[in-house]
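The values are calculated or read from the model by the stated rules, or taken from the named source; none is laboratory data. None of these values were measured; they are calculated from a predicted model. Cβ placement follows ideal geometry from the backbone for every residue including glycine, while neighbour counts extend to all protein chains displayed.
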Amino acid sequence: MSFSPSIAGSSAALTDLSTTLATPPADAFARLGATFLTRLPAAPLDAPYLVGFSADTAARLGLPEGIERDPGFLDLFSGNATRAWPADALPYASVYSGHQFGVWAGQLGDGRALGLGELEHAGQRYELQLKGAGRTPYSRMADGRAVLRSSIREYLCSEAMHHLGIPTTRALCVIGSDQPVRRETIETAAVVTRVSPSFVRFGHFEHFYANDRVDALRALADHVIERFYPHCRQADDPYLALLGEAVRSSADLMVEWQAVGFCHGVMNTDNMSILGLTIDYGPFGFMDGFDAGHICNHSDSQGRYAYRMQPQIAYWNLFCLAQGLLPLLGEQHDESVRSERAIEDAQRVLAGFKERFAPALENRMRAKLGLEQTRDGDDALVNRLFEAMHANRADFTLTFRNLARVSKHDANGDAPVRDLFLDRAAFDAWATDYRARLAEESRDDAARAIAMNRVNPKFVLRNHLAETAIQRAKEKDFSEVERLANVLRRPFDEQPEYEAYAGLPPDWASSLEVSCSS
Ligand code: AMP
Ligand code: MG
């Protein structure tokens with residue numbers, strides 16, 4: 001394909017970038033064809049302006065420094081430039097289905113996301129996607145737009161998660177416009193450029209299973225295996241091995257979420273990445289005061305996606321994925337027993353979730369408590385801490401961060417964490433046992449504190465921090481988005497100049513509500 005989509009006044013680098021995006025390699029998702037995706041240009045976005053830009057993600061993509069100041073940058077990442085692209089190079093919306101809130105929802109698909117293409121840098125390949133770029137054939141009754149508020153939240157959180165070391169899609173930029181978008185009130189439109197090795201979801205597999213398209217199902221599974229898990233090809237059953245990878249990566253992701261008090265809010269199967277990445281930031285939240293049953297999504301009245309449910313839900317979602325893969329499984333078995341064996345195989349692989357998740361979470365919690373060795377009572381010690389935190393609604397992030405100040409010798413360092421518990425006696429009782437346990441460790445307080453501060457972040461994207469940045473951005477002051485993004489880029493560092501970003505939320509934060517409407 002020879003195509004040079006030059007944008008008036010823009011640099012050669014930006015023209016090259018557009019050309020690369022519009023000419024995907026042979027094994028790109030975009031090349032899977034019309035069964036999987038529909039090509040169309042982005043809807044026009046009026047007078048776009050830059051709201052947020054991640055220099056870190058840009059560097060990851062190998063984009064030249066300062067590219068965000070290129071005249072063509074807004075044109076490309078608002079989607080406007082794609083209107084001049086040739087038909088066979090246009091952005092694409094993919095089709096998928098899924099289970100929403102435990103119920104089969106049938107066909108969904110990229111209702112407001114358009115794949116822009118792929119970039120390769122330093123041996124890594126990334127797909128770029130414009131979220132909020134207008135209606136697609138999968139928009140159903142909705143408008144294909146995203147609002148500024150939710151776009152800033154997605155931008156900040158995906159970058160924050162990455163810097164916490166949690167697998168996630170990333171964000172390159174947020175581009176805003178004064179174009180009105182109707183939600184509960186009139187808001188304005190924005191487009192986030194998301195970046196990920198793949199945007200394939202469990203729901204993609206479910207879609208072709210439900211439509212009895214075994215050929216397409218196989219092509220999709222082959223795409224994921226070839227691109228991301230080539231070693232699965234060597235297994236007796238490559239597709240079972242792929243399921244195993246999804247089980248492993250999803251279990252690992254749940255450890256990460258639980259360990260920082262992150263609630264996703266909409267763990268529908270169409271929001272589960274086949275690579276085990278955090279994807280589709282909507283009504284997510286980092287907990288302030290710990291509540292095991294915390295529901296961050298105002299629309300989730302049953303609490304299906306409450307904090308304590310997340311690992312179980314991931315497991316449930318993996319069953320949906322397994323069902324979707326079933327037509328491909330068990331080819332190595334004799335035809336007469338194939339379907340029976342395939343189910344047994346899948347069940348065995350699915351059972352691996354618990355075997356991986358539980359010990360991994362225990363290990364993580366031990367690290368969060370600064371324990372290097374393993375003792376029988378560790379689990380109970382952790383559980384009792386969570387019970388006390390829950391009863392006192394103790395701040396999740398600060399409790400763990402401040403535990404590093406507790407000394408194994410005396411109670412002098414207890415105050416910062418103790419003060420987070422209204423029931424001081426309950427904390428003291430636990431701290432006595434914790435100290436006794438610390439006494440069994442060989443590490444001294446200082447060394448333990450350093451290690452703990454590497455696993456217990458000081459800074460997370462608390463709702464009120466995002467809200468403050470959003471309110472300023474609505475007044476066209478984007479400096480707080482940038483500042484907050486920068487603070488969250490170093491979540492484990494002390495950054496004393498940003499102490500306020502690590503503090504307890506203000507009273508008004510408890511009235512913040514986040515729903516699916518984004
Ligand atoms: P979610 O659970 O928010 O990830 O979205 C569920 C489905 O609704 C997906 O297929 C989305 O693409 C679609 N969707 C959500 N919001 C919109 C919107 N404003 N316009 C079109 N489709 C949307
Ligand atoms: Mg979604």
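For the reader, a short list of remarks on this structure follows.
Conditions tested, residue by residue: (1) among the hydroxyl-bearing types (S, T, Y); (2) on the phi > 0 side of the Ramachandran plot; (3) surrounded by 14 or more Cβ atoms within 10 Å (Cβ to Cβ); (4) not in a loop (DSSP other than H, G, I, E, B).
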| residue | (1), (2), (3), (4) |
| --- | --- |
| V417 | no, no, yes, yes |
| L422 | no, no, no, no |
| T432 | yes, no, no, yes |
| R435 | no, no, yes, yes |
| P457 | no, no, yes, no |
| L465 | no, no, yes, yes |
| K476 | no, yes, no, no |
| P491 | no, no, yes, no |
| V514 | no, no, yes, no |
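- Looking only at segment 68-125, and only at residues there that are out of contact with any helix residue (DSSP H, G or I) (no Cβ under 7 Å at 6 or more places or on another chain) and β-branched (V, I, T), the one that is nearest to ligand 1 (Cβ to nearest atom): V103
- Those helices (runs of 4 or more DSSP H) lying entirely in segment 1-117 with at least 1 residues in contact with a Ser or Thr (Cβ under 7 Å, 6 or more places away or on another chain): 12-22, 71-77
- Verdict on G303 being within 16 Å of ligand 1 (Cβ to nearest atom), at pLDDT 95 or above and either more than 30 Å from E226 (Cα to Cα) or crowded, with 20+ Cβ neighbours inside 10 Å (or both): no
Listed here are the residues, each with its yes/no results for (1) touching a His at 6+ places or on another chain (Cβ under 8 Å); (2) more than 16 Å from ligand 1 (Cβ to nearest atom).
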residue	(1), (2)
P238	no, yes
A241	yes, yes
E245	no, yes
R248	no, yes
V255	no, yes
A259	no, yes
V266	no, no
G276	no, yes
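- Flag if D212 is more than 30 Å from A55 (Cβ to Cβ), at pLDDT 95 or above and of a type in the set (D, E, K, R): yes
- Hey, A292 under 25 Å from G324 (Cα atoms) and either more than 14 Å from ligand 1 (Cβ to nearest atom) or at pLDDT below 95 (or both) or not: no
- Subset of segment 378-435 [under 31 Å from the mean Cα position of the chain (by Cα) and of a type in the set (S, T, N, Q)]: N383, N392, T397, T399, N402
- Residue in segment 174-190 that is hydrophobic (A, V, I, L, M, F, W, C), within 14 Å of ligand 1 (Cβ to nearest atom), surrounded by 20 or more Cβ atoms within 10 Å (Cβ to Cβ) and assigned to a strand (DSSP E or B) present: yes
- Extreme residue, farthest from ligand 2 (Cβ to nearest atom), among residues of segment 270-290 that are more than 17 Å from M254 (Cβ to Cβ) and among the charged types (D, E, K, R): D288
- Subset of segment 262-295 (residues that are β-branched (V, I, T) and farther than 19 Å from G165 by Cβ): V266, T269, I274, I295
- Test: residue in segment 374-382 that is in contact (Cβ under 8 Å) with a residue 12 or more places away in the chain and over 20 Å from V260 (Cα atoms): yes
- Segment 107-131 - residue that is within 16 Å of ligand 2 (Cβ to nearest atom) and over 17 Å from the mean Cα position of the chain (by Cα) and, of those, farthest from A189 (Cα to Cα): Q107
- Hey, V255 within 19 Å of the chain's Cα centre (by Cα) and either part of a helix (DSSP H, G or I) or charged (D, E, K, R) (or both) or not: yes
- Scanning segment 120-149 for residues that are under 29 Å from D16 (Cβ atoms) and surrounded by fewer than 20 Cβ atoms within 10 Å (Cβ to Cβ) yields E120, H121, A122, G123, Q124, R125.
- The residues listed here are I166, I152; of these, the one that is more than 13 Å from ligand 1 (Cβ to nearest atom), in a loop (DSSP other than H, G, I, E, B), surrounded by 17 or more Cβ atoms within 10 Å (Cβ to Cβ) and not small (G, A, S) is I166.
- Long-range neighbours under 7 Å by Cβ, at least six apart or interchain, first residue on the phi < 0 side of the Ramachandran plot within segment 144-169, second within 14 Å of ligand 2 (Cβ to nearest atom) and among the aliphatic types (A, V, I, L, M): A146/V192; S151/V192; E154/V192; Y155/V192; P167/L277; T168/L277; T169/L277; T169/I279
- Of all residues in segment 126-149, those being away from ligand 1 (no atom under 11 Å from the Cβ) and part of a loop (DSSP other than H, G, I, E, B) number 0.
- Residue-level check: of (1) within 16 Å of ligand 1 (Cβ to nearest atom); (2) not in a loop (DSSP other than H, G, I, E, B), M309 misses just (1).
- Per-region count, segment 170-217, residues of a type outside the set (G, A, S) and more than 24 Å from S97 (Cβ to Cβ): 19
Condition check ((1) closer than 30 Å to A500 by Cα; (2) among the β-branched types (V, I, T); (3) touching a Leu at 6+ places or on another chain (Cβ under 9 Å); (4) surrounded by 19 or more Cβ atoms within 10 Å (Cβ to Cβ)) across all residues:
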residue	(1), (2), (3), (4)
E331	no, no, no, no
S336	no, no, no, no
F353	no, no, yes, yes
N363	no, no, no, no
A367	yes, no, no, no
E372	no, no, no, no
D376	no, no, no, no
V406	yes, yes, yes, yes
